[in-house]
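Each remark here refers to the structure printed beneath this line.
The values are calculated or read from the model by the stated rules, or taken from the named source; none is laboratory data. All values reported here derive from a predicted model rather than from experimental measurement. Note: ideal-geometry Cβ built from the backbone for every residue, glycine included; neighbour counts use all protein chains shown. Areas reflect the complete protein model, heavy atoms only, side chains present, ligands, DNA and RNA absent. Shrake-Rupley method; radii C 1.70, N 1.55, O 1.52, S 1.80 Å.
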Amino acid sequence: MRTFIWGTLGYGGWITMRKAIVGILAVLSGPAMAEPLVIAAMGDSLTQGYGLPQEDGFVPQLESWLRDHGADVQVLNAGVSGDTTAGGLSRAAWTLTPDVDAMIVALGGNDLLRGIDPAVSRVNLDGILQAAAQAGVQVLLVGMQAPGNYGPEYKAAFDAMYPELATQYGTLFAPSFFEGMGEIGTDPASVRGLMQPDGIHPNADGVVQIVEGLGPEVLELIAQVPSG
């Protein structure tokens, strides 16, 4: 067979072919290319990208921002519109697949809308963080603040559960999903130009601001993921 190839290709052709074969074998036998770090973004409609074209949603914009800042990542959209902390807890186990290296948890807004007892929400968030700890997954917990219409005791209990759970589990903590949008946490009317007509969900420009605010926190989360 070699005699046939030599006669057909000639010496120069044989050398060129041999180099190509050696190159291919070197690639096949070399170390595998590093895979992107995978972050699951667990949340509700804010994470899911309600009312926006897919590319304008929180997850695609965050992934793009992180890549622009040098992070080789894939951000998974684990946001479910209308989800409560109970819903997040119910799907925590199957969200935390072996491929997931880190997780953003941004839940609680729908608990507020339904007036759910903060003690119940706290148990649910505790369960999510416990599942992440058992899976060895680093977490960024995103908090929020309750309005005053449920009374001071409700607000105090709700607002406190996020930083307290973050301390308990040693997770990173961001005070608000809307931190990059200034006063929206306390006065949504002050940033109407960054919101959709419903006054609840951000528009594409609003998501840009949200990502600018949360992006550095997510970079810190990435830095905490063990290499290899």
Exercise. Determine the pairs where a residue that is under 17 Å from G127 (Cβ atoms), located within segment 155-172, has a partner that is of a type in the set (F, W, Y) and open to solvent by 30 Å² or more (accessible area, probe 1.4 Å) with Cβ atoms under 7 Å apart, the partner being 6 or more residues away or on another chain.
Key: Y162/F173; A166/F173
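Could you list, in sequence order, the residues of segment 184-217 that are in contact with a Phe, Trp or Tyr (Cβ under 6 Å, 6 or more places away or on another chain) and either assigned to a loop (DSSP other than H, G, I, E, B) or at pLDDT 95 or above (or both)?
Within segment 184-217, H201, V207, V211, G215 meet the criteria.
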Exercise. Select from segment 50-86 the residues that are buried (at least 17 other Cβ atoms within 10 Å of the Cβ), farther than 20 Å from G206 by Cα and among the acidic types (D, E) and list them in ascending order.
Key: D83
Practice problem: Return only the number of the condition from (1) outside any strand (DSSP E or B); (2) touching a strand residue (DSSP E or B) at 6+ places or on another chain (Cβ under 9 Å); (3) at pLDDT 95 or above that Q74 does not satisfy. | Solution: (1)
Practice problem: Within segment 87-99, track down each residue that is open to solvent by 10 Å² or more (accessible area, probe 1.4 Å), in contact with a strand residue (DSSP E or B) (Cβ under 9 Å, 6 or more places away or on another chain) and either farther than 29 Å from K155 by Cβ or in a helix (DSSP H, G or I) (or both). | Solution: T95, L96, T97, D99
Exercise. Take A146 and decide whether it is at pLDDT 95 or above and either open to solvent by 40 Å² or more (accessible area, probe 1.4 Å) or more than 28 Å from G49 (Cβ to Cβ) (or both).
Key: no
Quiz item: So which residues in segment 138-151 are free of Cβ contacts under 8 Å to residues at least 60 places away in the same chain and assigned to a strand (DSSP E or B), if there are any at all?
Solution: L141
Practice problem: Could you please find all residues in segment 58-96 being farther than 30 Å from D117 by Cβ, free of Cβ contacts under 8 Å to residues at least 24 places away in the same chain and polar (S, T, N, Q)? | Solution: S64
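Name the one entry in A166, A133, A106 that is within 27 Å of E63 (Cβ to Cβ), touching a helix residue (DSSP H, G or I) at 6+ places or on another chain (Cβ under 8 Å), open to solvent by less than 50 Å² (accessible area, probe 1.4 Å) and among the hydrophobic types (A, V, I, L, M, F, W, C).
After ruling out the rest, the residue left standing is A106.
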Quiz item: Of P152, P197, P202, which residue is over 16 Å from the mean Cα position of the chain (by Cα) and surrounded by 14 or more Cβ atoms within 10 Å (Cβ to Cβ)?
Solution: P202
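This table checks each residue for (1) without any contact (Cβ under 8 Å) to a residue 24 or more places away in the chain; (2) over 21 Å from Q74 (Cβ atoms).
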| position | (1), (2) |
| --- | --- |
| V105 | no, no |
| G115 | no, yes |
| N124 | no, yes |
| L129 | no, yes |
| A132 | no, no |
| G136 | yes, no |
Self-check item: Odd one out for M181 among (1) touching an Asp or Glu at 6+ places or on another chain (Cβ under 7 Å); (2) open to solvent by less than 20 Å² (accessible area, probe 1.4 Å); (3) modelled with pLDDT under 90
Solution: (1)
